[in-house]
Amino acid sequence: VIDPTNDLCKEVYTLCMKLGVPRDKVIWLDPENPRTPGLNLLRGPVEKAAENVTNIIAGLTSSNNDFFKQSERTHLKNMIYLLKLTSVMEDKIASFGDLIEMYNDIELVWDKMEILDDYCSELKQRADQARLQYEDDNSDDNKIAFEELDDKYAVAWQTSQWFHKNIQEVTVGKNVRLYASGPHQGKPMHYDAQDEFVHGLLNQLGDISKNFPIRRV
C-alpha cells in the first residue's frame, strides 16, 4: 500500500490487527514514526541496486529529460558500483548514507578506488585459476564458475577504468597540490572531471539527504 497521506495505511494496519495478522508480518514504513523500519535501497546485486536507485532519483525530478541526463545516470551508477564492489572487500553493507558521503568527499572516492584495484587483482587471479581448471576439465560446473568470475572481473575492471579516467590529481604547473590542513593534510588533492555535468544530480542528492522523513526510511 502506497499512501501519501498516511490515512489509508493507518486503516489497513488497524484492519490487519482486527483480522489477526501477526505483527511481524506487517512492515510499515512510516516517516512520521521515529521507530519505523528502514529500507536499504542498496541491498542486493550491484546491477539491480544501481538501476533501482537511479530510477528512483530520476522519478523524484520534475523533468527527467532536462535534469537527469544520461551523464548523471552514468555518474550515479558508477558511484554505486564503486561503493557496492568495495563493500565486498571491506565486509560491509553499503547504504545510501555511504553514497552521500562519497559525493561529499572526493578523497573517500579515491580511497575506494584503491580498494577496487585490489579487488580487481584478486578477481583476475581467481578467474585465471578457474579458466585453467576449466581447460583441464571441461565440465559444466567448471565452465559456469569460470564465466561468473570472468564476468565479475570485467564489471569491476570497467568500473575501475571509469574512475581512473575521471578522478584526477589537482596540479599547479607540474606539481601536485597537497592538502595544507584537515583530515587529508599532506595528501594529494583530487577532483572529478565530470563535476560540471552532474550539478543537478548533486543538488538532488543533497535535498534528499537533508529531508529527515526520507532519511528515516
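Of the listed peptides 87-94, 2-9, 124-131, what is their order by residue-averaged count of other C-beta atoms within 10 Å, with the highest listed first?
124-131, 87-94, 2-9
Helix 46-59 against the longest principal axis of the chain: what's the angle in degrees, Cα atoms only, rounded to the nearest 10?
60 degrees
Cross-link partners among aspartates and glutamates for K187, C-alpha distance below 17 Å, same-chain residues fewer than 8 apart left out?
Qualifying aspartates and glutamates at Cα under 17 Å: D105, E107, D111, E114, E169.
Can you give the angle from 0 to 90° between the axis of helix 106-136 and the longest principal axis of the chain, with both taken from C-alpha atoms, to the nearest 10?
Tilt relative to the chain: about 70 degrees.
May I ask you to evaluate 6.51 cos²θ - 1.76 cosθ + 1.60, the Karplus curve with θ = phi - 60°, for each residue of the stretch 78-91 and list the ³J(HN,Hα) values in order in whole Hz, giving x for glycine and proline?
Per residue, the Karplus-derived 3J(HN,Hα) values read 5, 5, 5, 4, 4, 4, 5, 5, 6, 5, 4, 5, 8, 6 Hz.
In a shell of Cβ-Cβ distance under 14 Å around E47, excluding E47 itself, what net charge do Lys and Arg (+1) and Asp and Glu (-1) give?
In short, +3.
Just order 204-212, 31-39 by mean Cβ neighbour count inside 10 Å, highest at the front, would you?
Ranked by mean Cβ neighbours within 10 Å, highest first: 204-212, 31-39.
Any idea what the dipole of the stretch 61-217 comes to, in debye rounded to 20, about its Cα centre with Lys/Arg Cβ at +1 and Asp/Glu Cβ at -1?
It comes to approximately 800 debye.
Quick one: net charge around T36, please, counting Lys, Arg +1 and Asp, Glu -1 for every other residue with C-beta under 9 Å from its C-beta.
Surrounding charge for T36 is 0.
What lysines sit close enough to K77 to cross-link, taking a C-alpha to C-alpha distance under 17 Å and skipping anything fewer than 8 places away on the same chain?
Those lysines meeting the cut-off are K48, K69, K112, K152, K165.
Considering the dipole of the chain built from charges on the beta carbon (Lys and Arg +1, Asp and Glu -1) around the Cα centre, which of I214, L108, G59 is farthest to its positive end?
The residue sitting farthest along the positive end of the dipole is I214.
At a Cα cut-off below 29 Å, give the lysines reachable from K10, other chains included and same-chain residues fewer than 8 away excluded.
By straight Cα distance, K10 reaches K18, K25, K210.
May I ask which residue of W157, N203, A94 lies farthest towards the positive end of the charge dipole of the chain, with charges of +1 (Lys, Arg) and -1 (Asp, Glu) on Cβ and the Cα centre as origin?
N203
A short reminder: the numbers here are calculations on the coordinates, not readings from a lab. As the structure is a prediction and not an experimental result, all values here were calculated from the model. Backbone-built Cβ (ideal geometry, glycine too); neighbour counts: all protein chains shown.
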